[in-house]
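Undergrad: Here's a structure for you.
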Amino acid sequence: MPDQRDPAPYDALLLLSFGGPEGPEDVVPFLENVTRGRGIPKERLKEVGQHYFLFGGVSPINDQCRALLAALREDFAAAGLDLPVYWGNRNWAPYLTDTLREMVRDGRRRIAVLATSAYASYSGCRQYRENLADALAALEAEGLPLPKVDKLRHYFNHPGFVEPMVEGVLSSLAELDEPVRAGAHLAFTTHSIPDSAADTSGPVGEHGEGGAYVRQHLDVARLIAGAVRERTGVDHPWKLVYQSRSGAPHVPWLEPDICDHLEELHEAGAPAAVMVPIGFVSDHMEVLYDLDTEATAKAAELGLPVRRSATVGADPRFAAAVRDLLLERAATERGAAVERCALGALGPSHDLCPVGCCPARAKRPAAAGADSPYA
């Protein structure tokens, strides 16, 4: 383990997330931010926003980031780690550029960045790096000194991310009636993305069918299923499935969809299922609507008993994992040899995204990578 109290050379941590509306009047402007440049009419955005309006126009993601922010600060303080933690979003207040500006004015010059996305993909990694580059360019145009930003590595297989999900599955299985519990299937879910984005996810050497995105999710699913088997003595059948598709029907996206999978389970005589949202750090809208509302309704229609296990959220073990990732990277930057914590077959991910990693849809600068214009 790295030194538990030495964050040097870093003088701040930035929690970087997606953002979400916090009232009905925010929904369409938020969706305009998310879809900017795609030419989607406002009327179509109002239709898409119905998911948010069902919940009063409020996405839970910002409150969940506030909870994680508090958990990180509490963990850091308890560990004797004197490092300020800031929060910025890609698509809603507090906006990333505003937060970086605040950090610079507070004198922060070397910033570690934790993105609330655990896996490799364009939308889960490089797009955050592009947003960082955009924010740095804005500060540069204002004549402000530019901080050096380093994005912490992917943490999909860190014990502090995996273990809370294992316990979530065990709790969900315990909620099922005993006659169906042992035969319950595990449906590991993540956000569907275009096949082309999946195939080019991760470093160039990992490109191919499904790329790093699918490979990493499968590794986590095996870890959780194996841990459940060890603790219960039951080998639950499982499958990696997808949700929250949003693209044009003619464009191939990762399948099967969770609702289609529930139908297949029912037709095959499965007695019950547990939906395990391994692709999501917290219970934001894709979890609340696509799983808790839509998929749960489909299961009820089929008469298939189903439960949805918890995401990691602000679990103290996840906060401790973030501290571990930060101090690991800090020690590496100081030139120290560090044993990196990772479970499963894939090992710890890279610190610096190499050239060609999760390539952009269109050529845009991205910070915190080997191709960054901001050294």
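The values are calculated or read from the model by the stated rules, or taken from the named source; none is laboratory data. Because the structure is a prediction, the values reported are computed rather than measured. Cβ atoms come from the backbone with ideal geometry, glycine included; neighbour counts cover every protein chain shown.
Undergrad: Please go through region 52-70 and give me each residue that is part of a helix (DSSP H, G or I) and under 20 Å from the mean Cα position of the chain (by Cα), ordered by number. First the steps, then the outcome.
TA: Residues of region 52-70 that are part of a helix (DSSP H, G or I), as a first pass: 52-53, 61-70.
Matches in region 52-70: 52, 61, 62, 63, 64, 65, 66, 67, 68, 69, 70.
Undergrad: Are there any pairs with C-beta distances below 6 angstrom linking a residue in region 305-327 that is assigned to a strand (DSSP E or B) to a residue that is β-branched (Val, Ile, Thr), with the two at least 6 apart or on different chains, and if so which?
TA: Correct list of pairs: 307/274.
Undergrad: On to the next question. Out of all the residues in region 137-177, which are over 25 Å from the mean Cα position of the chain (by Cα), under 30 Å from residue 303 (Cα atoms) and in contact (Cβ under 8 Å) with a residue 40 or more places away in the chain?
TA: 175, 176, 177
Undergrad: Of everything in region 58-94, what is under 22 Å from residue 368 (Cα atoms) and surrounded by fewer than 18 Cβ atoms within 10 Å (Cβ to Cβ)? Give them in sequence order.
TA: 84, 94
Undergrad: Given the conditions (1) closer than 30 Å to residue 372 by Cα; (2) exposed (fewer than 14 other Cβ atoms within 10 Å of the Cβ); (3) of a type outside the set (Phe, Trp, Tyr), and given that residue 358 satisfies all but one, which numbered condition is not satisfied?
TA: Of the numbered conditions (1) closer than 30 Å to residue 372 by Cα; (2) exposed (fewer than 14 other Cβ atoms within 10 Å of the Cβ); (3) of a type outside the set (Phe, Trp, Tyr), the odd one out for residue 358 is (2).
Undergrad: Does region 178-199 hold any residues that are without any contact (Cβ under 8 Å) to a residue 60 or more places away in the chain and of a type in the set (A, V, I, L, M, F, W, C), and which are they?
TA: Answer for region 178-199, where residues must be without any contact (Cβ under 8 Å) to a residue 60 or more places away in the chain and of a type in the set (A, V, I, L, M, F, W, C): just 182.
Undergrad: Here is a check on your reading of the model: is residue 266 buried (at least 21 other Cβ atoms within 10 Å of the Cβ), part of a helix (DSSP H, G or I) and either of a type outside the set (Lys, Arg) or not assigned by TED's automatic domain parsing to the domain that holds residue 283 (or both)? Before you say what the answer is, go through the steps one by one.
TA: Values: buried (at least 21 other Cβ atoms within 10 Å of the Cβ): no; part of a helix (DSSP H, G or I): yes; either of a type outside the set (Lys, Arg) or not assigned by TED's automatic domain parsing to the domain that holds residue 283 (or both): yes.
In short, no.
Undergrad: Considering each of 31, 54, 72, 45 in turn, give the residue that is of a type in the set (A, V, I, L, M, F, W, C) and closer than 30 Å to residue 317 by Cα.
TA: One residue alone meets the criteria, 72.
Undergrad: Just a yes or no: is a residue in region 352-359 closer than 24 Å to residue 163 by Cβ, modelled with pLDDT of 95 or more and out of contact with any His (no Cβ under 8 Å at 6 or more places or on another chain)?
TA: Initial filter on region 352-359 (closer than 24 Å to residue 163 by Cβ): none.
No; the residues of region 352-359 include none that is closer than 24 Å to residue 163 by Cβ, modelled with pLDDT of 95 or more and out of contact with any His (no Cβ under 8 Å at 6 or more places or on another chain).
Undergrad: Another question about this same structure. Going through 234, 281, 287 one at a time, which residue ends up being of a type outside the set (D, E, K, R) and assigned to a helix (DSSP H, G or I)?
TA: Working: 234 fails: assigned to a helix (DSSP H, G or I); 281 fails: assigned to a helix (DSSP H, G or I).
Selected residue: 287, the only one of 234, 281, 287 that is of a type outside the set (D, E, K, R) and assigned to a helix (DSSP H, G or I).
Undergrad: Continuing with this model, one more query. Do we find a residue being touching a residue at least 12 places away in the same chain (Cβ under 8 Å), assigned to a helix (DSSP H, G or I), more than 19 Å from residue 280 (Cα to Cα) and touching a helix residue (DSSP H, G or I) at 6+ places or on another chain (Cβ under 6 Å) anywhere in region 239-260?
TA: No, because not a single residue in region 239-260 is touching a residue at least 12 places away in the same chain (Cβ under 8 Å), assigned to a helix (DSSP H, G or I), more than 19 Å from residue 280 (Cα to Cα) and touching a helix residue (DSSP H, G or I) at 6+ places or on another chain (Cβ under 6 Å).
Undergrad: Considering only region 29-38, I want to know if a residue exists there that is in contact (Cβ under 8 Å) with a residue 60 or more places away in the chain, surrounded by fewer than 17 Cβ atoms within 10 Å (Cβ to Cβ) and in the same structural domain as residue 123 (by TED's automatic domain parsing). Step through it out loud before you land on a result.
TA: Kept after step one, since they are in contact (Cβ under 8 Å) with a residue 60 or more places away in the chain, are these residues of region 29-38: 30.
Within this subset, residues satisfying the condition of being surrounded by fewer than 17 Cβ atoms within 10 Å (Cβ to Cβ) are none.
Checking region 29-38: not a single residue is in contact (Cβ under 8 Å) with a residue 60 or more places away in the chain, surrounded by fewer than 17 Cβ atoms within 10 Å (Cβ to Cβ) and in the same structural domain as residue 123 (by TED's automatic domain parsing).
Undergrad: Looking at 173, 114 in this structure, which one is in a strand (DSSP E or B), under 25 Å from residue 244 (Cα atoms) and either outside the structural domain of residue 207 (by TED's automatic domain parsing) or out of contact with any Cys (no Cβ under 8 Å at 6 or more places or on another chain) (or both)? Before the answer, list the steps.
TA: Values: 173 fails: in a strand (DSSP E or B).
When all the criteria are applied, what remains is 114.
Undergrad: Any chance region 124-144 includes a residue that's on the phi < 0 side of the Ramachandran plot, surrounded by fewer than 24 Cβ atoms within 10 Å (Cβ to Cβ) and assigned to a loop (DSSP other than H, G, I, E, B)?
TA: Checked region 124-144: at least one residue is on the phi < 0 side of the Ramachandran plot, surrounded by fewer than 24 Cβ atoms within 10 Å (Cβ to Cβ) and assigned to a loop (DSSP other than H, G, I, E, B).
Undergrad: Additional query: Scan region 201-218 and give yes if some residue there is of a type in the set (Lys, Arg), surrounded by fewer than 19 Cβ atoms within 10 Å (Cβ to Cβ) and assigned by TED's automatic domain parsing to the domain that holds residue 302, otherwise no.
TA: There is no residue in region 201-218 that is of a type in the set (Lys, Arg), surrounded by fewer than 19 Cβ atoms within 10 Å (Cβ to Cβ) and assigned by TED's automatic domain parsing to the domain that holds residue 302.
Undergrad: Within the set of pairs 6 or more residues apart or between chains, which connect a residue that is farther than 29 Å from residue 36 by Cα and not assigned by TED's automatic domain parsing to the domain that holds residue 17 inside region 74-94 to a residue that is part of a strand (DSSP E or B) and of a type in the set (Ser, Thr, Tyr) with Cβ atoms less than 9 Å apart?
TA: Correct list of pairs: empty, since none qualify.
Undergrad: Before we move on, is residue 331 surrounded by fewer than 16 Cβ atoms within 10 Å (Cβ to Cβ), among the hydrophobic types (A, V, I, L, M, F, W, C) and in a helix (DSSP H, G or I)? Even if it seems obvious, please write down each step before you answer.
TA: Working: surrounded by fewer than 16 Cβ atoms within 10 Å (Cβ to Cβ): no; among the hydrophobic types (A, V, I, L, M, F, W, C): yes; in a helix (DSSP H, G or I): yes.
Spelling it out, it is not the case that residue 331 is surrounded by fewer than 16 Cβ atoms within 10 Å (Cβ to Cβ), among the hydrophobic types (A, V, I, L, M, F, W, C) and in a helix (DSSP H, G or I).
A quick yes/no check of all residues on (1) within 28 Å of residue 159 (Cα to Cα); (2) at pLDDT 95 or above:
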residue	(1), (2)
8	yes, yes
11	yes, yes
25	no, yes
36	no, no
